[in-house]
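Handing you a structure now.
The values are calculated or read from the model by the stated rules, or taken from the named source; none is laboratory data. Since we're looking at a predicted model, the values are computed, not measured. Note that we place each Cβ from the backbone using ideal geometry, even for glycine, and neighbour counts take in every protein chain shown.
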Amino acid sequence: MSDLIQQVNSPADLKKMTVGELNEYCNCLRKYIGETVRNTGGHLASSLGAVELAVALHFVFDCPADKILWDVGHQAYAHKIITGRRDAFPSLRSNGGISGFPRMKESDCDAFTMGHSSTSLSVGLGLARARDLLGQSYNIVSVIGDGAFTGGMAFEALNDIGASQAGMTIVLNDNKMSISKNVGAMSEYLSKLRLSKRYSRLKRTVQKGVLGIPLFGEHIYKALDKTKDGIKALLQNNKMFEQMGIKYYGPIDGHNIGNLIEIFKQTKNECGPSLIHIVTEKGKGDSAAQCDPSKFHGIQPVGANKEPSFSDVLSRFLCEEGEKNSSIVAITAAMADGTGLTAFSERFPNRYFDVGIAEQHAVTLAAGLAAGGLKPYFAVYSTFLQRGFDQILHDVCINNLGVTFLIDRAGAVGSDGITHQGIYDLSYLSMIPNMTILAPKDGNEFYKMLIWSQSFNGPLSIRYPKNYAFDSECADIEYGKWEVVVSEKSNIYILAAGGRALRAAQAVGNSNVINARFIKPLDTEFLNSINKAGNIIITVEDNALSGGFGQAVNSYLTSCGLKAKISCIGYSDEFLDDFSVEHSLESAGITANGILSAIKNLK
Ligand SMILES: Cc1ncc(C[n+]2csc(CCOP(=O)(O)OP(=O)(O)O)c2C)c(N)n1
């Protein structure tokens with residue numbers, strides 16, 4: 001670690017530095033972040049792009065009195081290092097260590113706990129209104145990326161912010177990238193704003209040059225100026241923010257620390273809301289990350305798990321079946337790589353829709369596509385589908401449409417931590433009428449489910465974690481039927497929902513192990529057959545107990561008159577504040593030992 005990094009223990013230390021020293025400090029920060037994140041894994045490219053931004057903000061504003069809200073929060077590593085977490089930074093994304101996202105409980109400089117996109121403007125406005133009503137005075141800065149700016153919540157907040165005229169600063173960190181290249185009309189609008197800056201510069205150059213021509217210079221300039229004014233009006237009429245009542249500044253080079261400081265100082269004490277549009281480069285200063293910012297958006301730690309992934313299976317299915325079945329269309333909300341849609345997007349660009357970070361829209365778009373006669377597959381992480389609950393219920397399920405949700409990263413997610421756990425989908429989906437829910441044990445079964453899904457004509461969810469251990473044989477998919485994986489002469493029945501639960505169950509021994517591949521509807525015929533006095537039933541799921549698989553089994557058996565003894569294993573009614581999948585599974589008892597002790601307690 002360089003000396004300069006060591007010298008900064010808090011934002012106060014930055015405030016003593018010259019711009020030259022701050023630039024030098026930024027270089028050191030980049031190096032430290034690059035070296036550390038290559039070991040720990042994490043969001044490298046985004047954080048490298050926001051180094052000067054973090055330094056300039058902490059130079060001008062006074063945390064924790066002033067509130068800086070980092071949207072999503074994956075780009076805030078420099079902020080963490082500046083605000084007292086330099087030495088702990090190598091513990092990033094591990095238990096007992098530093099979270100990869102801002103957390104109020106970690107530091108009073110983290111003004112809000114974040115992780116899901118597009119929340120910073122709403123939180124900022126809430127703080128601003130609270131501050132004003134309570135007669136307090138502090139500054140609020142919401143930092144939002146151009147990717148996060150595609151989320152519906154950001155638009156809803158802008159609408160309210162413009163009308164409220166609350167005093168707050170929005171920094172729009174525009175690197176033209178979401179995880180992949182940013183998409184949509186807003187992204188194009190931002191390009192126009194960038195162009196308008198170039199236009200203003202061009203105009204100044206032309207003015208200087210033409211006016212220098214003796215005699216005719218002024219006439220030529222006036223003629224040219226008319227044309228240019230036309231172009232300028234076109235661009236400036238596009239200034240949506242100004243028309244909404246939000247002062248617009250920019251675009252500004254987001255790596256020029258002097259300029260950033262100047263503009264933040266200027267807008268700090270202004271009345272009303274302002275938006276500073278800065279242009280940055282994702283991965284800045286790190287040649288590998290700069291060349292391929294998508295790949296370096298989030299990187300795995302050295303020696304990461306190399307198990308096969310469910311998203312690769314999905315990718316294969318969509319490409320193979322997409323060729324034969326032209327009604328298949330695929331949707332992502334800015335997560336093509338993570339969910340396995342990239343190959344399909346290249347092969348069938350007309351049947352692929354990246355809607356931006358807009359899960360709610362994605363769900364209802366899928367409903368519309370299905371209503372129009374297509375077969376939509378929406379691949380999405382469990383945690384982000386939480387955004388689309390009403391759309392699933394109101395648009396997909398009431399209309400009973402053939403939309404398939406491919407719910408990736410279901411269950412414990414490990415190093416992304418509390419905000420990203422995928423342990424609620426069984427709970428929020430099971431309660432919706434018309435919804436069918438499947439959980440594959442491995443890639444082979446997942447592929448069979450996907451093939452089966454093509455002829456299934458209703459709302460369908462298939463949920464799975466990132467990886468699976470290995471492929472195994474599996475029985476054909478039959479609606480509402482489970483698969484007996486281990487049959488023993490035993491009174492113990494372990495009902496496992498999904499691959500992780502099944503692996504734990506298979507390691508128990510001397511018990512019947514059932515692959516409860518249909519979470520909804522339950523295999524009631526099978527349940528009836530084992531609901532006998534003297535039998536022990538253990539349900540295991542990588543989901544919250546509340547509203548999950550076990551509760552559904554329990555309440556079905558109770559409604560029939562419960563004769564067997566039953567115990568349910570899953571996550572308790574607390575947020576899963578954990579950075580390791582193994583540790584999460586272990587602490588919930590989703591292990592052979594956990595199941596054995598549940599059996600013992602029932603005996
Ligand atoms: C609701 C939601 N959906 C998806 C994500 C996953 N995600 C994390 S960062 C990101 C891209 C953000 O792009 P941008 O705001 O431009 O920041 P950058 O990484 O480019 O700096 C996405 C899609 C998320 N955090 N929240």
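Do we have ALA367 as over 23 Å from PHE310 (Cβ atoms), in the same structural domain as LEU318 (by TED's automatic domain parsing) and either more than 16 Å from the ligand (Cβ to nearest atom) or among the hydrophobic types (A, V, I, L, M, F, W, C) (or both) here?
Considered against the rule, which asks whether it is over 23 Å from PHE310 (Cβ atoms), in the same structural domain as LEU318 (by TED's automatic domain parsing) and either more than 16 Å from the ligand (Cβ to nearest atom) or among the hydrophobic types (A, V, I, L, M, F, W, C) (or both), ALA367 comes out as yes.
So, one more: With the requirement that a residue be under 29 Å from GLY338 (Cα atoms) and in contact with a Leu (Cβ under 9 Å, 6 or more places away or on another chain), what does the range 461-481 give you?
SER461, ILE462, ARG463, TYR464, ILE477 - these are the residues of the range 461-481 that are under 29 Å from GLY338 (Cα atoms) and in contact with a Leu (Cβ under 9 Å, 6 or more places away or on another chain).
To continue, here is another question. Mind listing whichever residues of the range 159-192 are away from the ligand (no atom under 15 Å from the Cβ) and either in contact (Cβ under 8 Å) with a residue 12 or more places away in the chain or within 20 Å of ALA76 (Cβ to Cβ) (or both)?
Let us first name the residues in the range 159-192 that are away from the ligand (no atom under 15 Å from the Cβ), namely 159-169, 185, 192.
Within the range 159-192, ASN159, ASP160, ILE161, GLY162, ALA163, SER164, GLN165, ALA166, GLY167, MET168, THR169, LYS192 meet the criteria.
Among the candidates HIS361, HIS394, single out the residue that is away from the ligand (no atom under 14 Å from the Cβ) and touching a helix residue (DSSP H, G or I) at 6+ places or on another chain (Cβ under 9 Å). Talk me through it step by step, then tell me what you get.
Numbers: HIS361 fails: away from the ligand (no atom under 14 Å from the Cβ).
Only one candidate passes the filter, namely HIS394.
Being of a type in the set (A, V, I, L, M, F, W, C) and under 19 Å from GLN243 (Cα atoms) is the filter here; which residues of the range 272-290 pass it? I'd like the intermediate steps shown before the answer.
If we filter the range 272-290 for residues that are of a type in the set (A, V, I, L, M, F, W, C), which is where we start, we get 275-276, 278-279, 288-289.
Of everything in the range 272-290, those that are of a type in the set (A, V, I, L, M, F, W, C) and under 19 Å from GLN243 (Cα atoms) turn out to be LEU275, ILE276.
Which one is surrounded by the fewest Cβ atoms within 10 Å (Cβ to Cβ) among residues in the range 583-603 that are touching a Gly at 6+ places or on another chain (Cβ under 9 Å) and not in a helix (DSSP H, G or I)?
GLY589
Can you find a residue that is surrounded by 17 or more Cβ atoms within 10 Å (Cβ to Cβ), closer than 28 Å to GLY443 by Cβ and not acidic (Asp, Glu) anywhere in the range 554-566?
No, because not a single residue in the range 554-566 is surrounded by 17 or more Cβ atoms within 10 Å (Cβ to Cβ), closer than 28 Å to GLY443 by Cβ and not acidic (Asp, Glu).
Do we find a residue being more than 13 Å from the ligand (Cβ to nearest atom) and in a strand (DSSP E or B) anywhere in the range 58-68?
The answer is yes; a qualifying residue exists.
THR539: buried (at least 23 other Cβ atoms within 10 Å of the Cβ) and either outside the structural domain of GLY96 (by TED's automatic domain parsing) or farther than 21 Å from LEU429 by Cβ (or both), yes or no? Working first, answer last.
Values: buried (at least 23 other Cβ atoms within 10 Å of the Cβ): yes; either outside the structural domain of GLY96 (by TED's automatic domain parsing) or farther than 21 Å from LEU429 by Cβ (or both): yes.
Considered against the rule, which asks whether it is buried (at least 23 other Cβ atoms within 10 Å of the Cβ) and either outside the structural domain of GLY96 (by TED's automatic domain parsing) or farther than 21 Å from LEU429 by Cβ (or both), THR539 comes out as yes.
Can you work out which of the residues in the range 274-294 that are within 27 Å of PHE579 (Cα to Cα) and in contact (Cβ under 8 Å) with a residue 40 or more places away in the chain is nearest to the ligand (Cβ to nearest atom)?
Selected residue: LYS282.
Can you name the residue in the range 149-158 that is farther than 17 Å from LEU193 by Cβ and buried (at least 22 other Cβ atoms within 10 Å of the Cβ) and, of all such residues, is nearest to the ligand (Cβ to nearest atom)? Before the answer, list the steps.
Step one: of the range 149-158, the residues farther than 17 Å from LEU193 by Cβ are 151-153, 156-157.
In the following step, the residues that additionally are buried (at least 22 other Cβ atoms within 10 Å of the Cβ) were identified as 151, 157.
Numbers: GLY151: 6, ALA157: 14 Å.
Residue satisfying both the conditions and the ranking: GLY151.
If I ask for residues that are touching a Leu at 6+ places or on another chain (Cβ under 8 Å) and either within 14 Å of the ligand (Cβ to nearest atom) or touching a residue at least 24 places away in the same chain (Cβ under 8 Å) (or both), which ones from the range 20-36 would you list? Spell out how you get there, then give the answer.
Applying the first criterion (touching a Leu at 6+ places or on another chain (Cβ under 8 Å)) to the range 20-36 yields 21-22, 24-25, 28, 30, 33-34, 36.
LEU22, TYR25, CYS28, ARG30, ILE33, GLY34, THR36 - these are the residues of the range 20-36 that are touching a Leu at 6+ places or on another chain (Cβ under 8 Å) and either within 14 Å of the ligand (Cβ to nearest atom) or touching a residue at least 24 places away in the same chain (Cβ under 8 Å) (or both).
Could you list all residues from the range 37-57 that are more than 14 Å from the ligand (Cβ to nearest atom) and within 17 Å of GLY258 (Cβ to Cβ)? Break it down stepwise before answering.
First, pick out the residues of the range 37-57 that are more than 14 Å from the ligand (Cβ to nearest atom): 38-41, 55-57.
Within the range 37-57, VAL55, ALA56, LEU57 qualify.
Would you mind stating whether PHE101 is surrounded by 19 or more Cβ atoms within 10 Å (Cβ to Cβ) and more than 19 Å from the chain's Cα centre (by Cα)? Give the derivation first.
Numbers: surrounded by 19 or more Cβ atoms within 10 Å (Cβ to Cβ): yes; more than 19 Å from the chain's Cα centre (by Cα): no.
No: the conditions fail for PHE101.
Looking at GLY100, GLY135, which one is part of a loop (DSSP other than H, G, I, E, B), within 16 Å of the ligand (Cβ to nearest atom) and in the same structural domain as ILE261 (by TED's automatic domain parsing)?
Values: GLY135 fails: within 16 Å of the ligand (Cβ to nearest atom).
Being part of a loop (DSSP other than H, G, I, E, B), within 16 Å of the ligand (Cβ to nearest atom) and in the same structural domain as ILE261 (by TED's automatic domain parsing) holds for just one of GLY100, GLY135, which is GLY100.
Continuing with the same structure: How many of the residues in the range 266-287 are surrounded by fewer than 16 Cβ atoms within 10 Å (Cβ to Cβ) and either charged (D, E, K, R) or more than 13 Å from GLY49 (Cα to Cα) (or both)?
First, the residues of the range 266-287 that are surrounded by fewer than 16 Cβ atoms within 10 Å (Cβ to Cβ): 266, 268-272, 287.
Retained after the next criterion (residues that are either charged (D, E, K, R) or more than 13 Å from GLY49 (Cα to Cα) (or both)): 266, 268-272.
Final tally of qualifying residues: 6.
Inside the range 532-582, can you point out the residues that are under 24 Å from the mean Cα position of the chain (by Cα), assigned to a loop (DSSP other than H, G, I, E, B) and among the hydrophobic types (A, V, I, L, M, F, W, C)? Break it down into steps so the answer makes sense when it comes.
Going residue by residue through the range 532-582, those that are under 24 Å from the mean Cα position of the chain (by Cα) are 541-548, 570-582.
Keeping just the survivors that are assigned to a loop (DSSP other than H, G, I, E, B) gives 545-548, 572-580.
Listed by number, the residues that qualify are LEU545, PHE575, LEU576, PHE579.
Kindly evaluate ILE328 against the criterion of being more than 14 Å from the chain's Cα centre (by Cα) and touching a residue at least 60 places away in the same chain (Cβ under 8 Å). Full working, then the answer.
Working: more than 14 Å from the chain's Cα centre (by Cα): yes; touching a residue at least 60 places away in the same chain (Cβ under 8 Å): yes.
Criteria met by ILE328.
Restricting the first residue to the range 413-433 and requiring it to be over 24 Å from LYS520 (Cβ atoms) and in the same structural domain as PHE389 (by TED's automatic domain parsing), which pairs with a second residue that is surrounded by fewer than 19 Cβ atoms within 10 Å (Cβ to Cβ) and charged (D, E, K, R) meet a Cβ separation below 8 Å and a spacing of at least six or different chains?
These pairs meet every condition: GLY417/ASP577; ILE418/ASP577.
A further question follows. Taking strands (runs of 3 or more DSSP E) that do not extend beyond the range 449-506, which have at least 1 residues that are surrounded by 24 or more Cβ atoms within 10 Å (Cβ to Cβ)? Before the answer, list the steps.
Working: elements: 460-463, 483-486, 492-497.
Filter on the range 449-506 gives 460-463, 492-497.
Restricted to the range 12-40, and to residues that are among the β-branched types (Val, Ile, Thr) and more than 32 Å from the chain's Cα centre (by Cα), which residue is surrounded by the most Cβ atoms within 10 Å (Cβ to Cβ)?
Step one: of the range 12-40, the residues among the β-branched types (Val, Ile, Thr) are 18-19, 33, 36-37, 40.
Add one more test, that the residue is more than 32 Å from the chain's Cα centre (by Cα), and what stays is 18-19.
Numbers: THR18: 9, VAL19: 14.
Once the filter is applied, the top-ranked residue is VAL19.
Can I ask one more? Name the residue, out of SER294, SER326, that is modelled with pLDDT of 95 or more, in a loop (DSSP other than H, G, I, E, B) and out of contact with any Gly (no Cβ under 7 Å at 6 or more places or on another chain).
On the way: SER294 fails: modelled with pLDDT of 95 or more.
Answer to the selection: SER326.
Go through the range 61-82 and report how many residues are within 17 Å of SER142 (Cα to Cα) and over 19 Å from the mean Cα position of the chain (by Cα).
As a first pass, look at the range 61-82 and keep what is within 17 Å of SER142 (Cα to Cα): 61-80.
Next, from what is left, pick out any that are over 19 Å from the mean Cα position of the chain (by Cα): 61-68, 78-80.
Residues meeting the conditions: 11.
Are any residues in the range 370-391 more than 16 Å from the ligand (Cβ to nearest atom) and surrounded by fewer than 19 Cβ atoms within 10 Å (Cβ to Cβ), and if so, which ones? Full working, then the answer.
Filtering the range 370-391 down to residues more than 16 Å from the ligand (Cβ to nearest atom) leaves 370-377.
ALA371, GLY372, GLY373, LEU374 - these are the residues of the range 370-391 that are more than 16 Å from the ligand (Cβ to nearest atom) and surrounded by fewer than 19 Cβ atoms within 10 Å (Cβ to Cβ).
Let me ask something else. Among the helices (runs of 4 or more DSSP H) confined wholly to the range 335-416, which include 2 or more residues that are within 23 Å of VAL72 (Cα to Cα) and among the aromatic types (Phe, Trp, Tyr)?
On the way: elements: 336-339, 342-347, 359-371, 382-385.
Where helices (runs of 4 or more DSSP H) fall fully within the range 335-416, none carries at least 2 residues being within 23 Å of VAL72 (Cα to Cα) and among the aromatic types (Phe, Trp, Tyr).
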